[in-house]
1. Dipole of the chain (Lys/Arg Cβ +1, Asp/Glu Cβ -1, origin at the Cα centre): which of Leu433, Ser181, Ile159 lies farthest to the positive side?
2. Taking only Cα atoms, what is the 0 to 90° angle, nearest 10, from helix 89-102's long axis to the longest principal axis of the chain?
3. So I have (i) 84, 70, 49; (ii) 91, 60, 54; (iii) 89, 66, 50, and one of them is Cα extents along the principal axes in Å calculated from this model. Which one is it?
4. Using the alpha carbons of the range 1-106, what is the convex hull volume per residue in cubic angstrom, as a whole number?
5. May I ask for the percentage of alpha-carbon pairs in the range 514-647 that lie more than 17 Å from each other?
6. So, R0 is 60 Å and r is the distance between the beta-carbons of Thr250 and Arg77; what FRET efficiency does that work out to, to 0.05?
7. If you roll a 1.4 Å probe over the heavy atoms of the protein chains, what accessible area per residue do you get for the chain, in Å²?
8. Using alpha-carbon pairs under 8 Å, 6+ residues apart, how would you state the relative contact order of the range 85-209 in percent?
Amino acid sequence: MTEILRKVNIDGTEYEMPGYYTLMQACEEAGAEIPRFCYHERLSVAGNCRMCLVEWQGAPKPMASCAMSLNDLRPNRDGSPANIRTNTPVVKKAREGVMEFLLINHPLDCPICDQGGECDLQDQAIGYGRSETRYDEIKRAVSEKNMGPLVKTNMTRCIQCTRCVRFISEVAGVEELGLISRGEHAEITTYLQANLTSELSGNVIDLCPVGALTSRPYAFNARPWELRKTESIDVMDGLGCSIRVDARGTEVMRIQPRLNEDINEEWISDKTRFVWDGLKRQRLDKPFIRENGKLRPASWDEALTLVAEKLKGEPSRIGAIAGDLADMESVKTLKDLLEALGVRSMDCRQDGAKIGGQGREGYLFNSGIAAIDTADAILLIGTNPRHEAAILNARIRKAWLQNNAEIGLVGAKADLAYPYTHLGNKPDDLLDLDGKKNPFMSAMRKAKRPMIIIGMDALSRADGAQILRAAGKLAAKWNVVTDDWNGFNVLHGTAARVGALDVGFLPLKDGLDTEQMLSAAQSGDLDTLFLLGADELDMDRTGDAFVIYQGSHGDAGAHRADVIFPSAAYTEKNATFANTEGSWQQTRQAVAPKGEAKEDWKIIRALSDVVGRTLPYDDVKSLRGTFPAPSKSTFDPAKLGKAGKMKAAIFAPSDKSFWFSNPIARASAVMAECASSQVAQLQAAE
């Protein structure tokens with residue numbers, strides 16, 4: 001479609017811009033600064049606050065620049081382009097009037113407001129407001145609303161910009177916030193004072209321009225100018241969202257999103273945002289050795305010597321499992337040490353997922369996360385992206401809203417925050433898809449950018465390899481993979497999995513996988529088991545094996561361990577993780593490790609000295625130089641997995657809690673409160 005250009009005169013200079021541009025976009029492209037409260041580029045236009053007024057010369061009054069496009073402007077009588085002014089006395093007086101109106105009922109309690117120091121209302125009042133007020137009437141007050149354990153409200157500060165309402169309904173996809181009453185009595189509230197249930201609800205804190213919605217866990221903890229700000233990445237799921245870690249002293253005080261159009265845009269999930277209190281609870285801060293059934297503190301030399309003795313045993317009776325928060329440096333170092341010792345049993349797939357060993361494209365989100373926006377048909381297989389990757393689920397909703405994408409699901413029914421066609425809940429239903437007649441199948445056959453997303457609930461089954469083969473055959477049949485488009489995607493819910501697969505932390509020839517190692521330990525055929533942050537296992541199945549646990553938190557692995565090596569959490573080290581689409585990203589150290597804890601790779605490097613198999617790198621740069629380069633090969637999705645019959649068992653809803661998916665989350669009091677609140681709300685609904 002040909003783009004229609006319009007001419008417009010902005011502050012005395014003529015420009016030619018696309019006709020669909022709003023006046024605000026046009027003025028900002030011309031270099032003018034336009035204040036706003038209600039407008040947000042990722043939300044629909046509301047035109048509530050009127051702060052963005054500009055003068056259209058010849059019009060009877062100033063115009064809201066966010067709600068009018070260049071196509072709406074008529075030329076001047078002489079045919080010349082319309083004249084828009086952003087800095088005239090008329091505009092200045094209009095903006096001062098709007099600001100004065102917004103502040104009529106505002107409590108002006110900046111000294112006790114958590115938004116103080118980073119508040120849009122403060123900034124714009126200084127830049128565009130009057131220096132004094134003409135009102136001395138009594139201000140109205142609004143009662144605090146109940147929005148759950150995450151969002152703290154002070155609705156007397158609210159200016160009804162409705163950013164929060166539009167975000168919750170448009171991006172999060174739940175109709176839980178709205179505006180009631182009219183005029184002076186207008187209030188934003190939740191439905192029947194219920195908690196917000198979206199996994200993205202914390203983003204309304206960033207969107208609120210006036211401090212009406214703030215972080216309840218962070219309330220009165222710190223001021224923004226007291227905090228050190230460190231740019232990093234998130235490890236709570238497999239997306240690798242860009243975040244900023246704010247710390248004071250030795251403690252992380254809050255986590256906020258950073259802009260990354262390719263992954264998370266400017267949103268993060270509530271688990272990512274509020275898990276920070278789990279970083280200081282149940283921490284392992286010194287080595288421990290189990291004696292007479294009880295763990296006792298030990299020195300590093302004592303713990304390393306004991307573990308070295310155990311690793312000098314028969315290599316076939318030693319195994320290692322990497323967990324969901326293990327960085328690539330630690331996994332690669334452990335792999336190198338195990339190979340030097342002749343150990344062949346190692347695995348990074350705690351859940352037994354049937355992936356790896358068939359090329360990198362066989363386990364990646366190949367299209368890339370941002371490409372979801374352009375997909376026109378999406379088939380979900382054995383996944384609930386709302387819980388496994390909340391930000392990715394918002395992308396799917398965006399494709400449905402803006403691209404009219406048809407969405408189908410083979411798996412357990414769930415509320416995904418957008419409509420979809422349920423195509424069955426058994427693996428065999430995949431084989432019958434082509435014969436079905438429904439809007440989704442029609443869209444999938446005609447789609448130019450079709451996409452298949454297969455989740456770990458499907459791949460971790462005993463018949464996961466066969467399900468992968470069936471999905472790959474559908475991808476080949478529907479042209480999901482072409483020369484310029486690869487829509488065959490594996491969705492990982494954990495941060496460590498792709499990086500561990502990239503460095504090859506998989507069973508070597510004749511080696512055992514996770515299930516086989518646990519069975520061998522249970523039967524007495526495995527003497528030593530090294531758990532690198534692996535907590536999502538049935539520890540009862542480790543039998544009498546000598547268990548070495550290396551991790552940051554006292555979770556399931558530490559409770560079972562015979563020796564514990566304390567390691568740094570993701571906010572305490574510079575480490576590499578590969579996200580679900582295969583991008584290598586790095587966390588940055590925001591605070592020091594707790595107590596005697598060390599970075600994971602340094603612990604294993606020191607262990608290699610004690611065990612007599614010194615590894616050939618002394619610094620992280622040299623270690624990263626040993627990473628295998630990511631490679632691409634000819635990809636045929638139909639050859640993935642294994643041929644064979646799939647089982648009749650249905651795709652059961654996952655029993656994993658969104659709030660308790662890893663040791664850091666399980667240590668968080670805020671996550672526990674969220675889970676408790678969710679259970680209470682579900683019980684009340686019944």
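The values are calculated or read from the model by the stated rules, or taken from the named source; none is laboratory data. Keep in mind that what you see is a predicted model, and the values were worked out from it rather than measured. A quick note on method: Cβ atoms are made from the backbone with ideal geometry, for glycine too, and the neighbour counts reach across all protein chains shown. Ligands, DNA and RNA are excluded from the accessible area calculation, which covers all protein heavy atoms including side chains. Shrake-Rupley method; radii C 1.70, N 1.55, O 1.52, S 1.80 Å.
1. Of Leu433, Ser181, Ile159, it is Leu433.
2. So the helix axis and the longest Cα principal axis differ by about 60 degrees.
3. Calculated Cα extents along the principal axes in Å: the matching label is (ii).
4. Convex hull of Cα atoms, per residue: 110 Å³.
5. Numbers: 6360 of 8911 pairs.
When every Cα pair of the range 514-647 is considered, 71 percent fall beyond 17 Å.
6. Numbers: r = 69 Å, r/R0 = 1.14.
Efficiency, from the Cβ-Cβ distance: 0.30.
7. 42 Å²
8. 22 percent
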